[in-house]
Amino acid sequence: MNKPLKQHLIDPEICIRCYTCEMTCGLEAISHDDNNVVIDVSKCEFCMDCIPVCPTGSIDEWRVVAEPYSLDDQFGWEDLPAQQEIGEGQEADTGLEALDDAMAILLAEAHKGAGGKARAPASAAKPTINMYNLGKPAEATVQGNYRLTDEASDGDVRHIILDMGGLPFPVLEGQSVGIIPPGTDADGKPHLPRLYSVSSPRDGERPNFYNVSLTVKREPNGICSNYVCDLKAGDRVKLTGPFGATFLLPSDPETNLLMICTGTGSAPFRGFTMRRQRENPSLTGSLTLAFGARRQEELPYFGPLKKVPESFMKKLFAFSRQEDGPKQYVQDRLRDEAGQVSELLKDPKGHIYICGLKAMEQGVEEALSDIARGVGLDWAELRDTMREDGRYHVETY
Ligand SMILES: Cc1cc2nc3c(=O)[nH]c(=O)nc-3n(C[C@H](O)[C@H](O)[C@H](O)COP(=O)(O)OP(=O)(O)OC[C@H]3O[C@@H](n4cnc5c(N)ncnc54)[C@H](O)[C@@H]3O)c2cc1C
């Protein structure tokens, strides 16, 4: 039995037959007839050169197949076949495994807390994944590096803005990028990228500039976080990605979001909030942010967050080491707001997102479980239903 393979295809329904991909492909793997533009599986080597030049994204389609679709199949069809059922353990052979695997493993590990396979919200936009990789990274220019936490505070968290210089880098709120730190590891191998959640909305930190921002915490002895936190304006940075196909913002403005985070876990929620502010500034009561840190001075974006109208986004701050305040964690704030949280649990359009320190998972789960029990709901059951619906998301690291 042949090992299934990953086949590169073009979606004939959205392809505008501009043939830019065909002109770009150095291997002449792409051709067309009067009907469709097609890819010769025997020639395509996944170099990805054609992906960024495609104006519609119709070329960013992949199927894992036991038997590849022939050119005649592709010339003749009107829409793309659905992904076939591939037998257990029958992983596809792509040649990109090393990188895909490393990033996929990091993301799967980060999403484990959801208790099962994560799904994207039903109304989320379609993400682009893996457009750039170790073999062909994107290069960006640092536009800004701002410290978000008080100089005097322990945690050094930075807001980093990257100018993609017109390079297509379609990234959605909730996705992450890989930053390739320069240099080699102890075995002389190039460092693997580290993942950072994007903290800007899809049209850019500045509307329609498509510049990308990140929220990075300096880790003691950390290779990549120190590299990123020490970047200067004008420096060039190598990126991979985008990554993440599930931890996404629903496009349906009627959805209610409970966003729970600590520290840099606020990054995706900054993107979510800005996206909603740009798209539906008049929305009220659909966003709640529970945000924990040791002290106020160590909470990234505290200042800007406070300016977001409470009607647009309810904020529940929790400080565990604030001298002049109660010692609180995010789960304590959830319990304080059990009434509102239980309403969201009962709401078929209610969505929960958890991002940040892995250590917060258990406390948050226990709080949600208690709040659910308080209204006669079984949290374990509800969580699985919400996850299956694309309404429960965990990304911790
Ligand atoms: C999906 C996802 C999203 C993420 N999003 C973000 C984000 O938005 N912002 C963010 O800041 N991080 C984020 N991370 C974490 C980030 O990817 C890195 O793991 C983090 O920046 C540490 O990388 P590093 O290269 O600095 O540390 P590494 O060099 O990889 O070291 C890892 C850890 O080991 C410790 N360490 C290393 N060497 C030593 C030593 N000699 N002695 C003791 N300890 C040591 C470091 O302190 C560090 O904590 C995310 C991770 C995932 C999986």
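The values are calculated or read from the model by the stated rules, or taken from the named source; none is laboratory data. As the structure is a computational prediction, the values presented were derived from the model and not from experiment. Virtual Cβ from ideal backbone geometry, glycine too; neighbours counted across all protein chains shown. Surface areas here come from the heavy atoms of the whole protein model, side chains and all, with no ligands, DNA or RNA. Shrake-Rupley method; radii C 1.70, N 1.55, O 1.52, S 1.80 Å.
Give me the net charge of residue 158's neighbourhood, meaning all other residues with Cβ under 11 Å from the Cβ of residue 158; Lys, Arg count +1, Asp, Glu -1.
+1
Post the alpha-carbon centroid distance, segment 278-332 to segment 1-69, in whole angstrom.
Between the Cα centre of segment 278-332 and that of segment 1-69, the gap is 45 Å.
Using θ = phi - 60° and the Karplus form 6.51 cos²θ - 1.76 cosθ + 1.60, what ³J(HN,Hα) does each residue of segment 322-330 get, whole Hz, x for Gly and Pro?
6, 4, 9, x, x, 7, 10, 10, 4
For the chain, set up a GNM with springs between Cα atoms under 10 Å and report which of 109, 22, 78 has the largest fluctuation.
78
Residue 251's amide H: which non-local residues (gap 5+, or another chain) put their own amide H closer than 5 Å, with H modeled 1.01 Å from N in plane and none for Pro or chain starts?
Close amide H contacts, sequence-distant or interchain: 123, 124, 125.
Within a Cβ distance under 14 Å of residue 222, other residues only, what is the Lys/Arg minus Asp/Glu net charge? Please list the in-between numbers first.
Values: positive: 158, 194, 217, 218; negative: 156, 185, 219, 230.
Combined, the nearby Lys, Arg, Asp and Glu give 0.
Is there a quick way to get the dipole size of the chain? I mean about its Cα centre, with the Cβ of Lys and Arg at +1 and of Asp and Glu at -1; what is the value in debye to the nearest 20? Provide the component values of the computation, followed by the final result.
Numbers: 42 positive and 61 negative charges, 352 e Å.
Charge dipole of the chain: 1700 debye, to the nearest 20.
Determine the per residue accessible area of the chain with all protein chains present and a 1.4 angstrom probe, expressed in square angstrom. Could the numbers behind the result be given before it?
Numbers: 18330 Å² over 397 residues.
That works out to 46 Å² per residue.
Separation of segment 139-185 and segment 199-222 by C-alpha centroid, Å?
That distance is 5 Å.
Count the net charge of all other residues whose Cβ sits under 14 Å from the Cβ of residue 26, scoring Lys and Arg as +1 and Asp and Glu as -1.
Combined, the nearby Lys, Arg, Asp and Glu give -3.
Working from Cα positions, state the angle (0 to 90°, nearest 10) between the long axis of helix 379-388 and the longest principal axis of the chain.
Taking Cα atoms only, the helix is inclined about 30 degrees.
Amide H to amide H, which residues 5 or more places from residue 210 or on other chains are under 5 Å from it, using H placed in the peptide plane?
Hits under the 5 Å cutoff: 204, 205.
Can you list residues from other chains, or at least 5 along the same chain, whose modelled amide H is less than 5 Å from the amide H of residue 260?
Placed amide hydrogens put 290, 353, 354, 355 under 5 Å from residue 260.
Please report the base-10 log of the normalised intensity I(q)/I(0) for segment 184-323, using a Debye sum with one equal scatterer per alpha carbon and no solvent, at each q in 0.09, 0.12, 0.16 (1/Å).
Cα-only, vacuum Debye calculation for segment 184-323: -0.33, -0.57, -0.96.
Of all the Cα-Cα pairs you can form in the chain, what percent are over 35 Å apart?
Everything past 35 Å amounts to 31 percent.
So for 213, 31, what's the accessible-area order with a 1.4 Å probe, most first?
Largest accessible area first, the residues go 31, 213.
Using θ = phi - 60° and the Karplus curve 6.51 cos²θ - 1.76 cosθ + 1.60, what whole-Hz ³J(HN,Hα) does each residue of segment 152-163 get, with Gly and Pro shown as x?
Using θ = phi - 60°, the values come out as 6, 7, 5, x, 9, 10, 10, 9, 10, 10, 10, 8 Hz.
Tabulate in residue order the Karplus-calculated ³J(HN,Hα) for segment 32-48, using 6.51 cos²θ - 1.76 cosθ + 1.60 with θ = phi - 60°, rounded to whole Hz; enter x for Gly and Pro.
Residue by residue, segment 32-48 yields 8, 10, 5, 9, 10, 9, 10, 10, 7, 4, 6, 10, 5, 10, 6, 6, 6 Hz.
Choose one of 192, 350, 64: the residue whose Cα lies farthest towards the positive end of the charge dipole of the chain (beta-carbon charges +1 Lys, Arg; -1 Asp, Glu; about the Cα centre).
350
Round to a whole number: what % of the accessible area of segment 256-396 belongs to carbon and sulfur, probe 1.4 Å?
Carbon and sulfur: 50 percent of the exposed surface of segment 256-396.
Residue 327: which lysines have alpha carbons under 19 Å from its alpha carbon, excluding same-chain residues fewer than 8 sequence positions away?
Result set, ordered by chain and number: 315.
For the chain, what is the mean residue ellipticity at 222 nm derived from helices alone (per DSSP H run of n ≥ 4: -39500 (n - 2.57); sum divided by total residues; nearest 500 deg cm²/dmol)?
-6500 deg cm²/dmol
Mind checking the angle between helix 97-111 and the chain's longest principal axis? C-alpha axes, 0 to 90 degrees, to the nearest 10.
Long axis of 97-111 versus the principal axis of the chain: about 30 degrees.
According to the Kirkwood expression over distinct Cα-Cα pairs, how big is the hydrodynamic radius of segment 315-397, in Å?
Here the Kirkwood hydrodynamic radius works out to 13.4 Å.
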